[in-house]
Ligand code: SF4
C-alpha cells in the first residue's frame, strides 16, 4: 500500500446522504474474482441512468476527492465499495458521517475517509459547485483540506491510528509483517507433529 | 493449567499479546481454501507482490460450486466455472495443494480436513467459510473468516484478533433411541436463539456429548455458527484420538505419543469459569425439525406449527409471521402432516459416512414415497467410495434415491442442485434461510434418520412412525 501524506485532485460534490454500499457498487459485481478493476461498477446505476450525475459531468469526471453527504457507506459490509472508489481514482472521501464498517474498510485499503462538520461540508460543496473542477488538497498530517482560489481550509477528523497507518502506507498485512520476527520465533517453538499439508499424503488404499 | 479449553488453545497460539486494547496476534496452524472466498485473497497477494508464508499449512478443495453429476464435463454456469478455474490457477501459481473435482480427496472443506487427519486437537483452523466451526469437534479452535483475512493468513499465517468469550453448553443424560446429534444442536439453537452465541466460543460438554462419535460431534460444532457463535469446541478424548490415528497426515510413532500426551491436557479446568452456561437434558430431547426460516425456529417433530401469537417477544412474533408465510404453513398443523417434495441428504453437517449409514439403515427394506425426490450427496469423494464399498449406494439406488458426486450441492444451491420455487425439502444441512436451497425453496432442517423416514412417508416423520421394514436389515442403526 502506498504511503499517503498529501494529495491534490479535483473535488467532486456528491450531494446525497445515505449512500449505501449497494449504490456505491451493485451486488452483481460481487461475482468477480479479482480485487481490482471495479471502477466501472462505481455508482453504476447513477452513472448509467442519470446524465446529470456529478461524475457524468466532464469537469468532475477525473475527480479524486469525493465530498459526500452524511451516512456514506451504509448497508452490507462489502469491501468492493472501497475497491470501486479506489479503482476509479479516488484517494479520499470527505463526509459528515460514515458507516463504521465502510470507514474501517477504507482505512485498510489506503483510502482516506475524513469526517467534516456539516457546516464545512456545505461550504465545501458550494466551492466545488460554483467552480467545477476546483482542486482539493488533502493534508493528512495536519488533517486539513484546502480548496478554492481563496484558500479555504477545512479541518477533518481521522483517528490517530488510521492516520498513522495511512501515512506509513501500512495495510493490515504490512502491519503484521512488522512483527515478522515474532512470527518466526513462534514457529520455531511449534512441535514437529503439527499438521502439514505438504508433502501431500493420501490414503494408501482406496 | 487453569482456564477453559478455548482459552488454553488461544494462549498456546499467541504470537504477540496486544497492548493497550490492541488485538492479539494469533498463529494459525491450518487454513482451508475453496473457490468462493479465495480469489480476491490471491489477487491481493499478487498485487502487493507477496507470497504465501506457509504453503505446508494451506489446503484447497473445490466444493461450493461443483456439479454432482457429469463431473467430467465442463461446468455450465459461467460464474461457477470462473471461480473454480481461478482457484486452480491460483493454486498452481502459488503452489497450494489442491484437490480438484474428480480427485480422490476432493470434497467439502470441512469433511476433507478431518478425513486427511489434518484437523487435530488443540490447533487453530480457519477458512473463508462460516461452518469452519465443524473442526472444533476435535478440540481445535476453528472459525470462519472473511476474504481479506484469508489473504492475511496466506501472507502472515496469523490473524489479529480479540479473545472470544466462552459459553459452556452442558448436555447431561443419555439420548433416547432415534434422537441424534442433529437434534441436540437444533434444540440448543432453539433454546439460545440465532444470536445467543454471539461473540462466544461454545464448549459442548456433558455425558451426552462424550458418548457421541466424531461425526456426531462435528454435526454439533458445525452448527455453532447458527447460534451466532464464533466457534464450537469439544474437549478431545479417546474417541477423538481413535478417529485421528492412522489418517494420512496424523502424527506417527513417537510423534503420535507426544501429540496424545499434549492432547490429554486439552480440557477446561474443573474450576474454569465460563462467561455463560446453558444446560440441556438429553433424556428429554426428541427428534427436532425447523418450521421457520432460521435455524432457531425449531420444534420437536411431535409438535404442531406454532402461531405467531405464541411468541411474546415482538421481534419473534413478526419473524414467525413472516416465516410462516414464506414456508406456507398453517398454525396448528401437526408437523408430521407437512408434505415434502425433496429430501436432501448431505452437506458438511451430515454428509459423512456415519450419516449415510444412519440414513441407509432406515431406508433398507422400505419404499420411497412416490412423490418425493431423494438426493444423496456424499461430503467427499472418499465418503462416496467408502459408502460404495459398504454397499450403501445399492440401498440408496434400490430405494429410488439419486446417488451423486461429492460437494456442497443443495445445501446452498450454487450448483444446479436447487429447489424449484415453492418446493419443500427436508434437508440434513444447516441453513433454512429464504432461498438458501434455491429461489423460493422451503427448507426444514432435520437429522439423517428423520430425512430417511420422511422420504418413506412423504411427510416430516421419524423412524418411529414407520412400520416394520420388509426385509431384516443387516446394517446397524446408528443413534
Ligand atoms: S455444505 Fe453447505 S454449509 Fe457446508 S461448506 Fe458447503 S455450502 Fe457451506
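Read the figures in this text as sums done on the coordinates, not as results from a lab. As the structure is a computational prediction, the values presented were derived from the model and not from experiment. Reconstructed Cβ throughout: ideal geometry from the backbone, glycine too, with neighbour counts over all protein chains shown.
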Looking at chain B, send over the antiparallel percent of its DSSP beta bridges, to the nearest 5.
25 percent
At 0.692 mPa s and 37 °C, plugging the Kirkwood radius over alpha-carbon pairs of segment B:76-157 into Stokes-Einstein gives what diffusion coefficient in µm²/s?
236 µm²/s
Once you compute Rg and the Kirkwood Rh from C-alpha atoms, what is the Rg to Rh ratio for the protein assembly as shown?
1.00
20 Å tail of the calculated P(r), chain A, as % of Cα pairs
60 percent
Using every alpha carbon pair in segment B:265-422, what percent of pairs falls into each 10 Å bin from 0 up to the bin containing the largest distance?
9, 27, 30, 23, 10, 1
How far, in degrees from 0 to 90, does helix B:78-94 lean away from the longest principal axis of the Cα atoms of chain B, to the nearest 10?
30 degrees
Highest to lowest packing among A:110-120, B:419-429, A:148-158, scored as the average C-beta count within 10 Å:
B:419-429, A:110-120, A:148-158
Cα-Cα pairs above 43 Å in chain B: how many percent?
11 percent
Percent relative contact order for chain A, counting Cα pairs under 8 Å at least six residues apart, stands at 24 percent
Value of relative contact order over segment A:98-185, rounded to a whole percent, pairs C-alpha under 8 Å and six or more apart:
27 percent
So what are the radius of gyration and Dmax for the Cα set of segment B:1-140, in Å?
16.9, 56
I want to verify the translational diffusion coefficient of segment B:231-288 in µm²/s; compute it with Stokes-Einstein, Rh as the Kirkwood radius over Cα pairs, at 20 °C and 1.002 mPa s.
149 µm²/s
At a 10 Å Cβ-Cβ cut-off, how would you order B:368, B:73, B:439, fewest neighbours first?
B:73, B:439, B:368
Counting other chain Cβ atoms within 10 Å of each Cβ in A:170-182 and taking the mean gives 5
Can you give the angle from 0 to 90° between the axis of helix B:147-156 and the longest principal axis of chain B, with both taken from C-alpha atoms, to the nearest 10?
40 degrees
Taking B:326, B:200 and counting other beta carbon atoms within 10 angstrom, the fewest-first order is B:326, B:200
At 222 nm, what helix-only mean residue ellipticity would chain A give, in deg cm²/dmol to the nearest 500, using -39500 (n - 2.57) for each DSSP H run of four or more?
-9000 deg cm²/dmol
What's the angle, to the nearest 10 degrees (0 to 90), between helix B:314-327's Cα axis and the longest principal axis of chain B?
60 degrees
Going by average Cβ neighbours within 10 Å, how do the peptides B:182-190, B:106-114, B:310-318 rank, with the highest at the top?
B:106-114, B:182-190, B:310-318
Packing-wise, with mean Cβ within 10 Å as the measure, how do B:131-142, B:450-461 rank, highest first?
B:131-142, B:450-461
Output the relative contact order of chain B, whole-number percent, from Cα pairs under 8 angstrom with separation of 6+ residues.
17 percent
Distance in Å, no decimals, from the C-alpha centre of segment B:319-339 to the one of segment B:166-230 is 25 Å
